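The block underneath contains the structure these notes are about, expressed in structure tokens.
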Amino acid sequence: FGDGQGISREENPSYAYAEPGTYPVFLTLQYDVSCTDTVFQEVEIFEPSLTPAFDFDYTECNGVTTTLEFTNRTTTNVNGRLTYNWTFSTGETTNEENPTVTLTETQDLIVELCTTSRNNCSSCVTDTLNVAVIKLDLPDQLEVCPGGSVALNPNGDSTLMYEWSPATGLDDPTAANP
């Protein structure tokens with residue numbers, strides 16, 4: 001088997017190499033005493049690398065829910081299709097390569113991605129994401145006398161970024177409560 005350790009007389013042998021590397025493998029066939037044929041094949045044994053990774057984008061923030069779309073960024077040197085197992089702290093699980101999750105409350109979302117190769121090499125990565133579900137609580141109608149002013153968002157969260165439009169007449173179109 002090219003490593004100086006193994007030899008087999010079986011028709012369909014299996015062999016486990018102790019170290020990664022390239023090994024010359026010879027198969028000698030003997031038809032009778034005077035008729036032999038030898039076939040040569042190099043076998044490459046490598047240390048599999050499977051590094052699961054992901055990123056995400058907010059695809060919808062509508063004042064009631066926030067939707068996140070996850071993108072698999074797993075890298076590997078193993079040929080063939082990978083399988084994915086996503087687990088979210090919401091209790092949801094999926095085998096999709098690039099899943100979406102919709103949240104109704106602000107929370108720390110724990111995300112685990114486990115990736116498995118066709119030869120059962122597997123690896124997992126876990127991350128905690130602080131996801132805010134922004135709920136707007138603006139009055140349906142505001143009344144103000146001509147020349148007066150009124151608070152547009154009296155309970156505005158100053159940790160968020162705002163962009164009010166049209167900005168005409170506002171003291172600061174980027175303030176929580178202009």
Positive minus negative residues near residue 178 (Lys, Arg vs Asp, Glu; Cβ under 11 Å): -3
message: If packing is taken as the average number of other Cβ atoms within 10 Å across a peptide's residues, how do 7-16, 86-95 rank, most packed first?
response: 86-95, 7-16
message: With Cα Rg over 2.2 N^0.38 Å as the read-out, I listed [x] 1.96; [y] 1.01; [z] 1.34; which label goes with the value calculated from this structure?
response: [x]
- prompt: Over segment 28-178, what percent of the accessible surface lies on carbon and sulfur atoms, probe 1.4 Å?
  reply: 47
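Mind checking the per residue accessible area of segment 8-91 for me, 1.4 Å probe, whole number of Å²?
Values: 6050 Å² over 84 residues.
In whole numbers, segment 8-91 has 72 Å² accessible per residue.
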- prompt: What does the charge add up to near residue 110, with Lys and Arg as +1, Asp and Glu as -1, over the other residues with Cβ less than 14 Å from its Cβ?
  reply: -4
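The values are calculated or read from the model by the stated rules, or taken from the named source; none is laboratory data. It should be emphasised that the depicted structure is a prediction, and the values quoted were computed from it without experimental measurement. Methodologically, a virtual Cβ is constructed for each residue, glycine included, from the backbone with ideal geometry; neighbour enumeration extends over all protein chains shown. Just so you know, the surface numbers come from the protein's heavy atoms only, side chains and all, with ligands and any DNA or RNA stripped out. Shrake-Rupley method; radii C 1.70, N 1.55, O 1.52, S 1.80 Å.
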